[in-house]
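Everything below concerns the one structure shown next.
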Amino acid sequence: MSQKPTAEEFLSLSEAASRYHYMIRECLNVVFREVQQGKLTGAEITDLVERSVEAHEMAHEASLGVEGVCALKWLEKQAHFCVAKKAANFKDDDPGWPTKFESIIRYWNDSKYSSRSPYLSVSHEYLDFVSGVGGAAYGYMSGQSLREALNGANTLEEIKSRLLEVESLLAACMLSKSLSAHISDALQIERAVGILDSEAPLITPVSCRNDANLPARLMASELIWHYERKFGEPLIDAVFQLLGLFFENENQLEKRTLQRLAAQVNKQAERREEIYLEQGRIEEERLAAMVPARTQREAFARLENERFRAAYERMPSMKP
């Protein structure tokens, strides 16, 4: 067995999917810039497919980087990973990107709905899958997941306490009102405290009993959350196999434990959505109080765009 990748190499792999989705949109936007929807000939479609595949290959390689490639190659040599991949319905006889792009382009060309580019239909489920492994592996190997589980809530509370202390100092009238207001606006203390209050329930892990299996439960929870968000299901069988890459048999979790974790992750996801909606409402009220009426519509439009981008990142990938 080859040497296991470092935490930093797994970190690079964890970031590959988000980098890819940005790069492929940018690349395909260039490819389709001069294309007229609904008027493509067969030869033009063939040419677009070739250029799109080239864009995909470039984005895929660049998004992984040298460290991400090392982590991915190691994973793909491991028996546990191969079984996990099959459990997640990734097949070795995949038709490949030329077939996928041709399907996407033909559908886009025949569609009655106008669109600048079909790049929003492009997803890279496999890279989403392995990036989830990279993120969970980095959290475990670096100790970040364990530190956050044990100390995260207390750290947030300490940050909040210090921010409120700064706010008290500014209110003590030792400085001019204008200077105090300027500092307060720059630090955005009230907004920061609101963020801390909303994040506190989310940073608490679904399982924080400090025993020998805590690292495995934390890693499993992160994998389940990632796959629920990307694929709409926890992929319990795949998670069970992936844990075998990092934990010996005595620290391996049973599938019924993973199912319980999945139920808790779903409850936390519902709570997360409630908090996001409340944050949006508070932000709207803040903008309404600060922004002149004639520019409120523009500010709200920007806020809606930010919400859309955040929602898009949380949506499960849709296969082309």
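The values are calculated or read from the model by the stated rules, or taken from the named source; none is laboratory data. Note that the structure is a prediction, hence the values are computed from the model and not measured. Counting neighbours? That spans all protein chains shown, and the Cβs are built from the backbone with ideal geometry, glycine included.
Tabulated data for the structure shown
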quantity	calculated
Unmet criterion (only one of (1) closer than 30 Å to residue 91 by Cα; (2) part of a helix (DSSP H, G or I)) for residue 161	(1)
Unmet criterion (only one of (1) at pLDDT 85 or above; (2) surrounded by 16 or more Cβ atoms within 10 Å (Cβ to Cβ); (3) farther than 30 Å from residue 65 by Cα) for residue 141	(3)
Condition met for residue 74 (in a helix (DSSP H, G or I), crowded, with 18+ Cβ neighbours inside 10 Å and more than 25 Å from the chain's Cα centre (by Cα))	no
Leading residue by the ranking (farthest from residue 10 (Cα to Cα)) among those in the stretch 246-282 that are polar (S, T, N, Q) and in a helix (DSSP H, G or I)	279
Which listed residue is farther than 25 Å from residue 145 by Cα and surrounded by 15 or more Cβ atoms within 10 Å (Cβ to Cβ), from 80, 56	56
Failed condition for residue 69, given (1) over 28 Å from the mean Cα position of the chain (by Cα); (2) aliphatic (A, V, I, L, M); (3) assigned to a helix (DSSP H, G or I)	(1)
So residue 26, is it under 19 Å from the mean Cα position of the chain (by Cα), acidic (Asp, Glu) and in a helix (DSSP H, G or I)	yes
Residue in the stretch 230-242 that is surrounded by fewer than 18 Cβ atoms within 10 Å (Cβ to Cβ), outside any loop (DSSP other than H, G, I, E, B) and at pLDDT 85 or above present	yes
Among the residues listed as 200, 136, the single one being in a helix (DSSP H, G or I), in contact with a His (Cβ under 8 Å, 6 or more places away or on another chain) and within 28 Å of residue 276 (Cβ to Cβ)	136
Single residue of 193, 122 found to be farther than 30 Å from residue 239 by Cα, surrounded by 15 or more Cβ atoms within 10 Å (Cβ to Cβ) and touching a Lys or Arg at 6+ places or on another chain (Cβ under 9 Å)	193
Residue identified as modelled with pLDDT under 75 and more than 21 Å from residue 27 (Cβ to Cβ) among 112, 85	112
Qualifying residue in the stretch 203-223 (condition: of a type in the set (D, E, K, R), modelled with pLDDT under 90 and assigned to a helix (DSSP H, G or I))	no
From 64, 150, 156, residue being assigned to a helix (DSSP H, G or I) and either modelled with pLDDT of 90 or more or more than 22 Å from residue 221 (Cα to Cα) (or both)	64
Residues of the stretch 77-110 classified as outside any helix (DSSP H, G or I) and among the polar types (S, T, N, Q), total	2
Selection status of residue 28, under 21 Å from residue 141 (Cβ atoms) and surrounded by 14 or more Cβ atoms within 10 Å (Cβ to Cβ)	no
